[in-house]
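Presented below is the structure to which this report refers.
The values are calculated or read from the model by the stated rules, or taken from the named source; none is laboratory data. Since the structure is predicted, the reported quantities are computational estimates derived from the model, not experimental observations. Cβ: placed from backbone, ideal geometry, glycine included. Neighbour counts: every protein chain shown. The accessibility values were calculated without ligands, DNA or RNA, using every heavy atom of the protein model including side chains. Shrake-Rupley method; radii C 1.70, N 1.55, O 1.52, S 1.80 Å.
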Amino acid sequence: MGLTIAQKIIKAHLISGEMTVGSEVALRIDQTLTQDATGTMAYLEFEAMGIDRVRTERSVAYIDHNTLQSGFENADDHRFIQSIAKKHGIYFSRPGNGICHQVHLERFGIPGKTLIGSDSHTPTGGGIGMLAFGAGGLDVAVAMGGGAYYITMPKMIKVNLTGKLRPFVTAKDVSLEILRILSVKGGVGSIIEWGGEGIQTLSVPERATITNMGTELGATTSIFPSDEITREFLRAEGREADFVALASDPDAVYDRVIDIDLSELKPLIACPHSPDNVVTVESLKGTKVDQVCIGSCTNSSLLDMLKVAALLKGRTIKPDVSLSISPGSKQVLSMLADCGALSDILASGARVLECACGPCIGMGFSPNSAGVSLRTFNRNFEGRSGTADAKVYLVSPETAVAAALTGEITDPILLGEMPEIQMPEAFKIDDSAVIAPASVEEAKSLEILRGPNIKKFPDCHPQADSIRAELVLKVGDNITTDHIMPAGAKILPYRSNIPFLSQYCFGVCDKTFPERAKAAGQSIVVGGSNYGQGSSREHAALVPLYLGVRVVISKSFARIHVANLINAGIMPLTFANPDDYDKVSQGDTLSIAGIWAGMDSGSMTLVNETNGERINLVCNFTDRQKAILKAGSLLDYTREQI
Ligand code: MIC
Ligand code: SF4
């Protein structure tokens, strides 16, 4: 039987486990990346493991999320990360050099290699044929130390593209179309491979837009073949030597095949507050727009920016719309400046922001009250923009420009002819903002620079054999990590200060949660399906842990979050019958006995002491996961192993 691209890469990196769907496999990791919002914690964890030097082929620490520096906190964290990177063999990408996923694609990604990153959009690397996963910081720390990365062997979904996109219909619309088809849960447990003759019409940055947003499907990752288009991109980056061809075998078997005819797609838009809430742009025409943001790791490549500049050229944005543009990297920004496109953008009335995540994670540029914001980003979760009642829509750069110019949601086709975009043969290479690590000898005397914002890792608790606790919070379906542990300019600087962060835990759902959880001592949280979708932030596990949450019960979990819960020593359990979700209410006293035996047998009984109901819960822990829970956390488990 032939293999898919992902199966080939998994096979080449398999340390242990069977490559059968549903079993746990351990993978050797070639490259890691971190960003600063998750990185500070990841490096504290790496440090706690006591390993001198990273054991990967390439590890890069990016600063791209917390670049506002409205106090000492972010700058202190940047210095901490820079100093620890230098000492331990990690490349450091300075603030301003760009968004981790964009820069990694440009300068470091290699087809056929494995990459894990402490950011859920690490699958962007799939656009260049990498097998790239988002992971919690602790998993990345372990991989930096040479340890394996564990995933549940996924199913394989193939998306076959035929035809060619029409003018003004883009890779972003392909991402939105697959979200419309599969929903934010449709990719869970699967790797999505993109193929078919239609991919020949998509450049690497367009492919990367698609693999980037595969994260919103809940997919384990997404990947494109590595072909002549990949070679061309690497050549333009001066890295042709990194090229290897990669394709699936003709007789590879897929669990599901989806066909999309590119020539039939229309400009699409995801409505508030979920990326799968997709309709045609046309159907919303005339909706008044207050703000437009172009950028983020989804749509900030040179190609995207050149298209935006060409459409804005000689035009002025509506006076009551504010437009921000954040190029994805210093390479992109500097090439825009060299060719004059930046002047066209500025002349239109746009505000050019630095090459960073910025408004995508609520770091500035929040919309006005109840404002309508059209963004080329990948997430429009409630409150994420920093304005609680804003209505955020996700669109392509072309649709974004059309809204900025007309002041309302407008099909970009109405902008007239799409200008011809000439991509340069070679990109401008300047790696001066990437600082290489010190030599082993030099590293010995280097000091790590720590600011007062860095607080202690929360205490972990080895899993006891029984628990009796209050159901302190009951939430619904598709709860995101932005609900559990919000980000944004006010809170993001405190990612290494769990006690401070804890005041905001679940704030989007229930502002009284932190106080009630603390008062309860130890507690249980109940969620609906796809609990924990979205970001890879392990803070969505560490902060509840700090507040006393010991068990989370849901109808189903998102992949990275469930791993983060286990890594933090919080036991995730699932209702055997999803309808039993209705048999518990917030405030009930719940108990579970015989937990250790239940972990082995795969089922436990939850007793609702308040109403007398007995509810069957299931779990499917591997031996490693049981050992982590019993040790109290992955950190404790890893220390035991070392
Ligand atoms: C996001 O897009 O939500 C983030 C911010 O990049 C997160 C990481 C984080 O919370 O720091 C992600 O996607 O993993
Ligand atoms: Fe940054 Fe937004 Fe991409 Fe997350 S999704 S890495 S916040 S640009």
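Worth a mention:
- Among the residues of region 379-401, the ones that are open to solvent by 30 Å² or more (accessible area, probe 1.4 Å) and on the phi < 0 side of the Ramachandran plot come to 4 in all.
- Count of region 569-596 residues which are open to solvent by 10 Å² or more (accessible area, probe 1.4 Å) and without any contact (Cβ under 8 Å) to a residue 40 or more places away in the chain: 5
- The single condition among (1) open to solvent by less than 10 Å² (accessible area, probe 1.4 Å); (2) more than 16 Å from ligand 2 (Cβ to nearest atom) that residue 370 does not meet is (1).
- Restricting 311, 306 to those that are open to solvent by 20 Å² or more (accessible area, probe 1.4 Å) and in contact (Cβ under 8 Å) with a residue 40 or more places away in the chain reduces the list to 306.
- Listed by position, the helices (runs of 4 or more DSSP H) enclosed by region 330-408 that each have at least 1 residues that are out of contact with any Asp or Glu (no Cβ under 8 Å at 6 or more places or on another chain) and without any contact (Cβ under 8 Å) to a residue 12 or more places away in the chain are 330-339, 341-347.
- Condition met for residue 300 (within 16 Å of ligand 2 (Cβ to nearest atom), polar (S, T, N, Q), surrounded by fewer than 22 Cβ atoms within 10 Å (Cβ to Cβ) and within 22 Å of the chain's Cα centre (by Cα)): no
- Selection status of residue 566, in contact (Cβ under 8 Å) with a residue 24 or more places away in the chain, open to solvent by 10 Å² or more (accessible area, probe 1.4 Å) and part of a helix (DSSP H, G or I): no
- Among the candidates 56, 32, the residue that is among the polar types (S, T, N, Q), under 24 Å from residue 211 (Cα atoms) and not in a strand (DSSP E or B) is uniquely 56.
- Test: residue 132 is crowded, with 21+ Cβ neighbours inside 10 Å and either within 16 Å of ligand 1 (Cβ to nearest atom) or in a loop (DSSP other than H, G, I, E, B) (or both): yes
- From the list 83, 93, the lone residue that is out of contact with any Ser or Thr (no Cβ under 8 Å at 6 or more places or on another chain), more than 16 Å from ligand 1 (Cβ to nearest atom) and among the polar types (S, T, N, Q) is 83.
- Residue match in region 228-249 (condition: under 27 Å from residue 167 (Cβ atoms), crowded, with 23+ Cβ neighbours inside 10 Å and touching a strand residue (DSSP E or B) at 6+ places or on another chain (Cβ under 6 Å)): no
- Residue 95 fulfils the conditions (1) away from ligand 2 (no atom under 14 Å from the Cβ); (2) outside any strand (DSSP E or B) except for a single criterion, (1).
- Which listed residue, of 301, 324, is among the hydroxyl-bearing types (Ser, Thr, Tyr), more than 16 Å from ligand 1 (Cβ to nearest atom) and over 25 Å from residue 408 (Cβ atoms): 301
- Scope region 187-229; condition in a strand (DSSP E or B), among the small types (Gly, Ala, Ser) and closer than 15 Å to residue 119 by Cα; matching residues: 219, 222
- Checked across region 157-176, the condition of being assigned to a loop (DSSP other than H, G, I, E, B) and within 18 Å of the chain's Cα centre (by Cα) holds for no residue.
- Checking the stated criteria, residue 134 turns out not to satisfy the condition of being under 16 Å from residue 9 (Cβ atoms) and at pLDDT 95 or above.
- Residues of region 59-82 that turn out to be in a helix (DSSP H, G or I) and either aromatic (Phe, Trp, Tyr) or over 30 Å from residue 386 (Cβ atoms) (or both), as a count: 2
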